[in-house]
Amino acid sequence: MRRDRPSPWLIVALLLALWGGWSWWHTRPLHPGPGELAPDDPVQTALDAPMEPIRFGDFTLTPRAKFSLVARVLSTENYHADAGAALVPEDFAFGWGRMSDSAVLKDIDISQSGRFYYWHVQEFPIPRREIETHSANMHLIPADAGVRRELARVRVGQVVALDGFLVDADRAGGWHWRTSMTRDDTGAGACELFYVTAVDLPAGQADPAPPGPQ
């Protein structure tokens, strides 16, 4: 009995489907239970003395402050085509305090585009100003390939600890990008430009089951 060999295109399609399923499984959002997962504010510390500029490809980075945070990842967005993509390939929206609590976040729609983080509510689960001061869109600059790999492992819903510096960025021709230096601002210019030197993914973050109907 003759058996036809599977079409090469069918094999490719199956391999792509398997790869897509594997990638989704390892990057799918986490759905932790209620409670503040990251209760503390980010920590910004003045430099003891001005630091030497950091050369990063065609960019010059000027450190402005030491910066660290432990926060919940609310959303992530990759960028490939804008003027800053070579410096900042990805933005993370972070939440801390009650903005790391699933009981609060279930009532807030969150998205990112155009280097901004957006939120929308039908009714405020917490005061508006608390949302504004306990969440932020941050432009992440991975200091090296290892940091970039670690950031690529981070999933929405996960708590992550990051260390590094807030920086201003410049490039020949007058291009510049300035960091926010406070968590109290909103709108254009309110995002942190964060040069990340270390990433820690705390252990024991559970994802017991998908969320049920709210």
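Each value in this text was obtained by applying a stated rule to the coordinates, not by laboratory testing. Because the structure is predicted, anything quoted here is derived from the model rather than measured. Here the Cβ positions follow ideal geometry from the backbone for every residue, glycine too, while neighbour counts run over all protein chains shown.
Which one of A86, L61, T186 has its Cα pushed farthest toward the positive end of the charge dipole of the range 43-200, where Lys and Arg give +1 and Asp and Glu give -1 at the Cβ?
A86
Among D109, D163, D101, rank each residue by its count of other Cβ atoms within 10 Å, from fewest to most, as a rough exposure measure.
Lowest count first: D109, D163, D101.
Please arrange K66, K106 by how many other C-beta atoms lie within 10 Å of their C-beta, fewest to most.
K106, K66
Rounded, prolate or oblate: which one fits the range 32-96, using the alpha carbon gyration tensor with axes a ≥ b ≥ c (rounded when a/c is under 1.5, else prolate when a/b beats b/c, else oblate)?
Oblate, since a/c reaches 1.5 and b/c is not below a/b.
Excluding L69 itself, what net charge comes from residues whose Cβ is under 12 Å from its Cβ, given Lys and Arg +1 and Asp and Glu -1?
Here the count lands on -2.
Per residue Cα convex hull volume for the range 43-200, in cubic angstrom?
Once divided by residue count, the hull of the range 43-200 is 110 Å³.
For R149, R64, R155, which order do you get if you count the other beta carbons within 10 Å of each Cβ and list the fewest first?
R149, R155, R64
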